[in-house]
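Novice: Take this structure first; my questions come after.
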Amino acid sequence: MTAIGIYGFGHIGRLVAKVALERGYELSGVVDIDPKLIGRDVGEVLGIGEKLGVHVTSDPGELAYSDVVVHSTGSYLDKVYDQLVKLIDLEVNVLSTCETLSFPYYRYPTLAKRLDEKALRRNVTVLGSGINPGFLLDALLVVLSAPFDGVKRIHAVRSLDAAKRREPFRKKIGLGLEVEEARRKIESGELSGHVGYAESALLVASALGASVDSVEEAQEVIVAEEDRESAGIRVERGRVMGVRGHGSVSSGNRELVRVEFIASLGAEEFEEITIEGNSYSVRWRSTGTPGDMGTASVIVNLAERIGDYGPGLLTMIDLLPFRPRFI
């Protein structure tokens, strides 16, 4: 039985724990810094109607007997680097939802190299993943490119109704704020919006053997042109109703990969991926993927076999057998 540890027992950490328990996995330990959680039985925190005999602690050392630790505390590698090093030193495999860890060589090449070296020395695997980045706008694009004899360009869009997402998500995109306040907070980093545009585009480019000359990333708020309401959430005209952003990579003057993300009040929910190939083109479209359960499911689906892929700092591309190519 796979023993899963949880580092970061917020919404995603708890959802991962629930999915893991439903799968029959063992929870080997749970770590969080919230004083309201420390000392409580995990079953009580999850509200599953029974005590598990595992208590939330602030000591990462309690995760030493895990087969894999799911790490979910932050979006930026430089902020969570020390946490990851502690886990590596415990000689446990690590699955992290840290968005910038999905392709850390772009923003943090030095830290990425250090993590890879430490993981190799300790013979453990470290992987950043989730629903986006991790799957919908990157790994899935590579899988869908498998039946192409050559790829010219890939364009992917994910759209979701922000009103149907949990409150912390709505806050991080500035939903309902005055426009200038939201822009200022996103610019300063107080609000993150979506994190991982460039990482997703670079994952795809790397998988398809692209020679990348330039990377572009941008994000802007979406302003309500009239009073809007969805799922009981109301935004007045002139205030922020969501964010729109993109990441792209180019070779010379040619754009190879473009990923776009839209989170807006009342927006249609879908993922749409268009692959322009040498012999034909294909467009794939979904009815939308719930982000939180999608993230938890991707992580738990990876957990049991993560150690099979070999030690070091990996990306989702290292797990895929497909190697399509740009032409």
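The values are calculated or read from the model by the stated rules, or taken from the named source; none is laboratory data. These figures come from a predicted structure and were not determined experimentally. Quick reminder, even Gly has a Cβ in these numbers, built from the backbone with ideal geometry, and neighbours come from all protein chains shown.
Novice: For the range 255-263, check the following and say yes or no: at least one residue is under 23 Å from Leu191 (Cβ atoms), of a type in the set (Val, Ile, Thr) and within 21 Å of the chain's Cα centre (by Cα).
Specialist: The answer is yes, given that some residue of the range 255-263 is under 23 Å from Leu191 (Cβ atoms), of a type in the set (Val, Ile, Thr) and within 21 Å of the chain's Cα centre (by Cα).
Novice: Can you find a residue that is modelled with pLDDT of 95 or more and in contact with a Phe, Trp or Tyr (Cβ under 8 Å, 6 or more places away or on another chain) anywhere in the range 224-242?
Specialist: Taking every residue of the range 224-242 in turn, none turns out to be modelled with pLDDT of 95 or more and in contact with a Phe, Trp or Tyr (Cβ under 8 Å, 6 or more places away or on another chain).
Novice: Looking for something more than 30 Å from Ala146 (Cα to Cα) and polar (S, T, N, Q) - is there at least one such residue anywhere in the range 244-261?
Specialist: no
Novice: Taking the residues in the range 221-243 that are of a type outside the set (Val, Ile, Thr) and touching a Lys or Arg at 6+ places or on another chain (Cβ under 6 Å) as candidates, determine which candidate is surrounded by the fewest Cβ atoms within 10 Å (Cβ to Cβ).
Specialist: Glu226
Novice: Same structure, new question: Restricting to the range 51-64, name every residue that is surrounded by 13 or more Cβ atoms within 10 Å (Cβ to Cβ) and over 19 Å from Val80 (Cα atoms).
Specialist: Those that are surrounded by 13 or more Cβ atoms within 10 Å (Cβ to Cβ) and over 19 Å from Val80 (Cα atoms): Leu52, Val54, His55, Val56.
Novice: Can I ask one more? Between Gly277, Gly252, Gly307, which is outside the structural domain of Phe148 (by TED's automatic domain parsing) and either modelled with pLDDT under 95 or farther than 24 Å from Ser230 by Cα (or both)?
Specialist: Gly307
Novice: Give all pairs with beta carbons closer than 7 Å in which a residue from the range 288-301 that is under 18 Å from Glu167 (Cβ atoms) meets a residue that is assigned to a loop (DSSP other than H, G, I, E, B) and among the small types (Gly, Ala, Ser); count only pairs at least 6 apart in sequence or on separate chains.
Specialist: Filtered contacts from the range 288-301: Thr295/Gly130.
Novice: Here's another thing I want to ask about it. If I filter the range 53-73 for residues that are closer than 14 Å to Val94 by Cα, in contact with a Pro (Cβ under 8 Å, 6 or more places away or on another chain) and touching a residue at least 40 places away in the same chain (Cβ under 8 Å), do I get at least one hit?
Specialist: no
Novice: Which ones in the range 146-191 are farther than 21 Å from Ala231 by Cβ, modelled with pLDDT of 95 or more and either in a loop (DSSP other than H, G, I, E, B) or of a type in the set (A, V, I, L, M) (or both)?
Specialist: If the condition is that a residue be farther than 21 Å from Ala231 by Cβ, modelled with pLDDT of 95 or more and either in a loop (DSSP other than H, G, I, E, B) or of a type in the set (A, V, I, L, M) (or both), then Ala146, Pro147, Phe148, Asp149, Gly150, Val151, Ile154, Ala156, Val157, Val179 are the ones that fit.
Novice: Report yes if Ser264 is more than 30 Å from Ile327 (Cβ to Cβ), at pLDDT 95 or above and among the polar types (S, T, N, Q), otherwise no.
Specialist: So Ser264 fits the description; yes.
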